[in-house]
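Note sheet for the following structure.
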Amino acid sequence: MAEGTEPGENDAGDLSGLGLNGIEEEENGFSIGAVCTLRQLETHKELNRCFHGIFKECTRSIVGVQFRNGATVGGSLFGRFGFTDIITCLLALDTYVELYKGGLVPLEEFCRMKSDRDILVRIHIRKDGRKAAYVSQRMAKTDFPVIACCCARKDGKLYVSVGARPGKAELAVFDETTDCLKEELTKRASESFCYGSNMRGSRAYRKHLAGIYIRRLLEGLDEEER
Ligand SMILES: Cc1cc2nc3c(=O)[nH]c(=O)nc-3n(C[C@H](O)[C@H](O)[C@H](O)COP(=O)(O)OP(=O)(O)OC[C@H]3O[C@@H](n4cnc5c(N)ncnc54)[C@H](O)[C@@H]3O)c2cc1C
């Protein structure tokens, strides 16, 4: 960064020498540096053990290993791309983004914020005991997703995030103790998001897929809890 330049005033800032390339497990959660690669998310044993393999699942179809060794967590979140598997996955967890100027912001709020020139320093994921599962559908193995869904459950609350609609991922939260019929809950969950069409699929197809995948993820979570 040029002398006298405030961080965030240009895009040339180099974060690679700031020790932000690791995943640290703390008592209450994980702290993940902005320069951490997608491959690190995919292969980190404790992170995947704690969140039931969803990081492996949400990264494994992103291009190839060589690419995932270069693509970063910061780059994947800051762009807030509609197709991102990473945001879809993190939204269903209790995730915060640490910004250089903006401080600690819940990921859901960060996703609604307009792009600015702040710098994403780290993300923090709280270990709050959520059980989670992730799935995406692609037309070819390493293509962008047609739809991506993540569900997490804790204390009767269900956290559902759907991305690649093709708009950016959004979160909806349901109370399973009152919305107890799975078919009804799945319908409500899939209908709570807006869908659109692009070259990978129509609005109606995405909505249909979301319903199917949310139901399958819920069944998977039920299995795990048995
Ligand atoms: C061909 C291709 C296929 C892809 N397929 C998928 C896919 O299927 N699923 C998926 O989830 N993703 C996919 N991606 C996205 C990819 O995983 C990365 O998220 C994306 O390429 C960003 O890469 P990067 O980390 O090198 O960021 P960069 O290219 O270095 O940065 C992207 C932007 O974010 C800014 N930026 C980077 N880091 C920070 C930071 N810490 N703070 C503030 N701003 C920052 C940069 O200035 C730049 O404007 C694909 C990308 C490509 C090129």
Span from the segment 156-216 Cα centroid across to the segment 79-132 one, whole angstrom: 20 Å
Computed P(r) (all Cα pairs; segment 139-220; 5 Å bins; percent): 3, 16, 28, 25, 15, 9, 4, 1
Helix-only mean residue ellipticity at 222 nm for the chain, each DSSP H run of n ≥ 4 adding -39500 (n - 2.57), per residue, nearest 500: -9000 deg cm²/dmol
Relative packing of 80-90, 55-65, which averages over residues the other C-beta atoms within 10 Å, highest first: 80-90, 55-65
Vicinal HN-Hα couplings computed from phi for segment 208-213 (Karplus, 6.51 cos²θ - 1.76 cosθ + 1.60; Hz; Gly/Pro x): 4, 4, 4, x, 5, 5
Longest to shortest principal axis, alpha-carbon extents of segment 50-194, angstrom: 43, 38, 30
Three-way shape call for segment 112-162 based on the alpha-carbon gyration tensor, with the a/c threshold at 1.5: oblate
Per-residue Cβ neighbour rank within 10 angstrom, fewest leading, Leu18, Leu221: Leu18, Leu221
Placed amide H near Lys157: partners under 5 Å, 5+ positions off or other chain: Glu176
Derived scalar couplings ³J(HN,Hα) [segment 59-64; Karplus, 6.51 cos²θ - 1.76 cosθ + 1.60; whole Hz; x for Gly, Pro]: 9, 4, 9, 7, 6, x
Reduced Cα scattering model of segment 15-88, Debye log10 I(q)/I(0), q = 0.13, 0.26 Å⁻¹: -0.35, -1.36
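Read the figures in this text as sums done on the coordinates, not as results from a lab. The structure displayed is predicted, hence computed values, not measured ones. Virtual Cβ from ideal backbone geometry, glycine too; neighbours counted across all protein chains shown.
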